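To start, the structure under review is shown below, and the notes come after it.
The values are calculated or read from the model by the stated rules, or taken from the named source; none is laboratory data. Just so it is clear, the model here is predicted, and its values are computed rather than measured. Note that we place each Cβ from the backbone using ideal geometry, even for glycine, and neighbour counts take in every protein chain shown.
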Amino acid sequence: MIRANMHEAKSNLSKLVERALAGERVEIARDGEPVVVLTPIAVAAQTERPLGLFAGQIWIAEDFAEPDLEAEAAAAGELERVSW
């Protein structure tokens, strides 16, 4: 694993990208704490996401697909502006 600070990453970005493409884990740190990991796009795209991962954790209101009349009126300029 490689960890570079922001300055090192700016100065050596192409080298760090090449090492990430070669399969090495490349972390970029700020104030000594890792904040990002360089990952090849091909690897990121192949990451499997299990179906049903959030099953039972998401709630959608029954009127979700209903038109929002107040928002439509505001967009059409039909509402009175209020000055606070």
- Task: Take R25 and decide whether it is surrounded by 10 or more Cβ atoms within 10 Å (Cβ to Cβ) and either at pLDDT 90 or above or out of contact with any Lys or Arg (no Cβ under 7 Å at 6 or more places or on another chain) (or both).
- Result: yes
Taking the range 36-84 and keeping residues in a strand (DSSP E or B) and out of contact with any strand residue (DSSP E or B) (no Cβ under 6 Å at 6 or more places or on another chain) leaves none
Scanning the range 37-84 for residues that are of a type in the set (K, R) and within 30 Å of G23 (Cβ to Cβ) gives R49
On the basis of being of a type outside the set (G, A, S) and in contact (Cβ under 8 Å) with a residue 12 or more places away in the chain, does R25 make the cut? yes
Within the range 39-84, restricting to residues that are within 30 Å of V26 (Cβ to Cβ) and among the aliphatic types (A, V, I, L, M), the one that is surrounded by the most Cβ atoms within 10 Å (Cβ to Cβ) is V43
Residue hits (the range 1-35; within 21 Å of the chain's Cα centre (by Cα), among the small types (G, A, S) and part of a strand (DSSP E or B)) are A29
